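Bear in mind that the values in this text are calculations on the coordinates, not laboratory data. Because the structure is a prediction, the values reported are computed rather than measured. No Cβ is skipped: glycine too gets one built from the backbone with ideal geometry, and neighbour counts run over all protein chains shown.
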Amino acid sequence: MADQATELRARIFLRAALPLIKVVLAERPAYRRFLWRARGVVQFAARDSQQGAYVELAPGALQVVQGVHERPDVRLTFKRLEEMCAFFAGALKAPGISGLLRLPALLRLLPFLLKLKILMPDAMPTDPAERALKVRLLLYMVTNALSQLNKGGDPAFGKVVKASPDRVYQWSVAGGPEAYLRMKAGKTKAGRGTYARRQPFVHMMFPDIDSAFDVLTQRVSTVDAVKQGKLKLEGSLEYSKEIGLHMQRVEAITTGG
């Protein structure tokens, strides 16, 4: 069986990264052409783990579901969960493929998976639309990934959440995406948009996409970003620093650093 660290890493890929293909579809309407007359289920799994996720494809739409489908059209099975994590991190790790008669389903999904490579640390797009997409995907992924750290049993972040009263951490980009993470007595919930039922305990506000891009890709440190006006912090500075350190841990976990 895979070790706990690998299981946690896979959890983040399957539950926080893979679902972003729906965001790609929403933000890039031209990608609907890849789903023309699409039908099928593509399963991702590893032999040494119970974890898995599958993508349901339909004309003009797709859905990511956690778990193992009883009869997928295409099954991508990795020998080890570590190899599946490496695959999602951009390495050339080839899984075993069954269901080759329904290979078109996999080919229709492939452009969406390739687009997720924009999340990689070395992807630094200069096109404004692509930079905006990377910011949106990073923000949605990291907030969900933080929640998955807790739900997956990460000791360090779990300790923070367990000691937390009902608090909301909010991220906002002016004219762009917003996301939040709510903590309460050991439980976490990530969401998109503004959490409207409670004032944020910590609010990280970016004046524009480029500022958010520089901070989220760690081109500029949080301290320097505040000094340069690329980031405005409201709320507890101590806890904003702590949540920032765990955001960096998410990148380290997903990149294998």
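Can you tell me how much longer the chain between LYS159 and TYR239 gets when fully stretched, taken as 0.36 nm per residue apart minus their C-alpha distance, in nm with one decimal?
Value of the extension gain: 27.5 nm.
From the residues VAL202, MET124, PRO95, which one has its Cα farthest along the dipole of the chain in the positive direction, the dipole being from +1 and -1 charges on Cβ of Lys/Arg and Asp/Glu about the Cα centre?
Of the candidates, PRO95 comes out farthest on the positive side.
So which of LYS93/LYS115; LYS162/LYS184; LYS117/LYS232; LYS189/LYS230; LYS151/LYS189 end up more than 19 Å apart, counting from Cα to Cα?
LYS117/LYS232; LYS189/LYS230, as the Cα separations exceed 19 Å there.
Of all DSSP beta bridges located in the stretch 128-255, what percent are antiparallel, nearest 5?
Bridges in the stretch 128-255 are about 75 percent antiparallel.
Which ³J(HN,Hα) values in Hz, rounded to whole numbers, follow from the phi angles of the stretch 37-45 under the Karplus curve 6.51 cos²θ - 1.76 cosθ + 1.60, where θ = phi - 60° and Gly and Pro get x?
Couplings: 6, 6, 8, x, 10, 10, 9, 10, 7 Hz.
Once amide H atoms are placed 1.01 Å from N in the peptide plane, what residues at a sequence separation of 5 or more from GLY67, or on another chain, have their amide H within under 5 Å of its amide H?
Residues meeting the criterion, in which the H sits 1.01 Å from N, are GLY52, ALA53, TYR54.
When the dipole is taken about the Cα centre of the stretch 4-119, and only Lys, Arg (+1) and Asp, Glu (-1) are charged at their Cβ, what size is it in debye, to the nearest 20?
It works out to roughly 340 debye.
Which cross-chain or sequence-distant (5 or more) residues have an amide H under 5 Å from the amide H of SER221, H modelled 1.01 Å from N in plane?
Placed amide hydrogens put nothing under 5 Å from SER221.
Given that just one value was derived from the coordinates, which of (1) 151; (2) 128; (3) 139 is volume of the Cα convex hull per residue in Å³?
So the structure-derived entry is (2).
GNM on the chain, C-alpha springs below 10 Å: top fluctuator among VAL55, VAL23, VAL74?
In this elastic network of the chain, the residue with the biggest mean-square fluctuation among VAL55, VAL23, VAL74 is VAL23.
Roughly how tilted is helix 103-115, in degrees to the nearest 10 and between 0 and 90, from the longest Cα axis of the chain?
20 degrees
Once you have the Cα-Cα distance between ALA5 and ASP208, take 0.36 nm times their residue separation minus that, and quote the gain in nm to one decimal.
69.6 nm
Filter the trypsin sites (Lys or Arg not before Pro) in the stretch 1-51 down to the DSSP loop ones having no more than 16 other Cβ atoms within 10 Å, then list what survives.
Listed in order of number, the matching sites are ARG37, ARG39, ARG47.
Charges only on Cβ, +1 for Lys and Arg, -1 for Asp and Glu: so what's the dipole of the stretch 128-255 about the Cα centre, in debye to the nearest 20?
With only Lys, Arg, Asp and Glu charged at Cβ, the dipole is about 500 debye.
Residue farthest toward the positive end of the dipole of the chain, with Cβ of Lys/Arg at +1 and Asp/Glu at -1: which of PHE78, ALA105, ALA2?
Of the listed residues, the answer is ALA105.
Name the long-range amide H neighbours of ALA46: under 5 Å, sequence gap of 5 or more, or other chain; modelled H, no Pro or chain starts.
So ALA46 has HN proximity to PHE78.
Expressed in nm to one decimal, what extension gain is obtained for the pair GLN228 and TRP36 from 0.36 nm per residue of sequence separation less their Cα-Cα distance?
That works out to 64.5 nm of additional length.
Apply the Debye scattering formula to the stretch 128-255, with a single equal point scatterer on each alpha-carbon and no solvent, then give log10 I(q)/I(0) at q = 0.10, 0.13, 0.14 Å⁻¹.
Taken in order of the listed q values, log10 I(q)/I(0) reads -0.28, -0.48, -0.56.
Please compute the modelled spin-label separation between ILE97 and ALA58, points set 7 Å along Cα→Cβ, answer in nm with one decimal.
2.6 nm
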